[in-house]
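Taking it in order: structure first as structure tokens, then the write-up.
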Amino acid sequence: MRTMKNYIQFSLIGLIAFIIISCEKTEIPMALFDYQIDGITVQFTNYSTDATEYLWDFGDGNTSAEENPLHKYSESGSFIITLTVKGKGGTKTIKEMLKIQKPALIQIDGNFDDWDAVPAEQLSSAIGSSDASLTALHEMKACTDDNYIYLYLVYDQSKVAPLDIFINTDNNPSSGGNSWLWDPCGADFLIEGFITEKMEDAIVFNWPSDKPQDGWEWVEALGSGSGIINMSEPKTVNGNLVKVEMSIIKEMLPTSLASEIGIGIFSSNEDWAETGSLPNAPSGSPAPPLMKIKIQ
Ligand SMILES: [Ca+2]
Ligand SMILES: [Ca+2]
């Protein structure tokens, strides 16, 4: 009996040892990771176990074999991350979706430093001519990102109350309304509001496609208070000259935008008398075209 018992004990110990050894040999890897998003850059941290090889698929067509990769996305969107790990015990795959939101190109905060950081190829600008007949608007800049059209405007605040922003959204001068201020024009949409009210009362007008291009045929497309424009507080440049920055929500314009659009801005005083326009030209010169803006 004793011999038998010893044999069983020995066998049990052997079996346990065998199980431990064989488990060590064939431990199936576990795929696990975490991540930290900073704008469009994601730092992945690998918490996988029993793996010696890693393959990351970032869901945007890019891959990596690093253990803890840092990846930069070029677009906003939802991406499915696939991590496949390999070890002695086999292969495991885990998937997780993450959302990337590109930070806004311009913050509407009254700090104008962000305009200096806009890549030159994305920035349009127009400086007013001091010899023009209307001089209340001094300078404008524009750029766009996924969600917004941004405008920067320097103007004489003693002469500007309502502001009219003409936009040739299809970049076709043969559709939309014309103006004596710009040639060619063909503005399909007009946003009109009081800059003195931070454009919060802005109304969006559309030029009906069945109307001739001259005259004033604008029809309201989006009423006041829609929030399509966000504007900063005016900041003094010099005397009555102030600058503001504003954003227009692309999605709220009741149209799709061509890859390049045209824009012109016109100002009036409190009595609705014309005071400024951009782009402009010296008196007696032909009217300039609308300023072109590249749509991102
Ligand atoms: Ca800013
Ligand atoms: Ca047009």
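Some notes on this structure:
- Unique match (being more than 16 Å from ligand 1 (Cβ to nearest atom) and either surrounded by 14 or more Cβ atoms within 10 Å (Cβ to Cβ) or without any contact (Cβ under 8 Å) to a residue 24 or more places away in the chain (or both)) among Ala117, Ala65: Ala65
- Residue check for Ile108: within 30 Å of Tyr155 (Cα to Cα) and not basic (Lys, Arg): yes
- For Pro173, the conditions (1) more than 16 Å from ligand 1 (Cβ to nearest atom); (2) surrounded by fewer than 16 Cβ atoms within 10 Å (Cβ to Cβ) are fulfilled apart from (2).
- Applying the criterion of at least 3 residues that are in the same structural domain as Thr63 (by TED's automatic domain parsing) and more than 16 Å from ligand 2 (Cβ to nearest atom) to the strands (runs of 3 or more DSSP E) found wholly in the stretch 89-168 leaves 90-100.
- Matching residues in the stretch 120-166 - criterion: being open to solvent by 20 Å² or more (accessible area, probe 1.4 Å), more than 24 Å from Ser285 (Cβ to Cβ) and at pLDDT 95 or above: Ala120, Glu121, Gln122, Leu123, Tyr148, Tyr152, Gln157, Ser158
- Top-ranked residue of the stretch 241-266 - restricted to ones that are in contact with a Lys or Arg (Cβ under 7 Å, 6 or more places away or on another chain) and of a type in the set (A, V, I, L, M, F, W, C), ranked as farthest from ligand 2 (Cβ to nearest atom): Val242
- Put simply, of Asn269, Asn238, Asn280 the only residue that is more than 16 Å from ligand 1 (Cβ to nearest atom), out of contact with any Lys or Arg (no Cβ under 8 Å at 6 or more places or on another chain), in the same structural domain as Ser226 (by TED's automatic domain parsing) and in contact (Cβ under 8 Å) with a residue 60 or more places away in the chain is Asn280.
- Leu105 more than 27 Å from Lys72 (Cα to Cα) and within 16 Å of the chain's Cα centre (by Cα): no
- When restricted to residues that are of a type outside the set (A, V, I, L, M) and closer than 22 Å to Pro103 by Cα, the stretch 38-66 contains 10.
- Within the stretch 108-129, one or more residues are on the phi > 0 side of the Ramachandran plot and small (Gly, Ala, Ser).
- Taken over the stretch 177-203, the criterion of being open to solvent by 10 Å² or more (accessible area, probe 1.4 Å), within 16 Å of ligand 2 (Cβ to nearest atom) and free of Cβ contacts under 8 Å to residues at least 60 places away in the same chain is satisfied by Asn178 alone.
- For the stretch 97-109, the set of residues classified as more than 19 Å from Val42 (Cβ to Cβ) and more than 7 Å from ligand 1 (Cβ to nearest atom) consists of Leu105 only.
The values are calculated or read from the model by the stated rules, or taken from the named source; none is laboratory data. Treat the numbers as computed from the prediction; the structure is a model and nothing was measured. Note: ideal-geometry Cβ built from the backbone for every residue, glycine included; neighbour counts use all protein chains shown. Remember, those area values only see protein heavy atoms, side chains included, never the ligands or the DNA or RNA. Shrake-Rupley method; radii C 1.70, N 1.55, O 1.52, S 1.80 Å.
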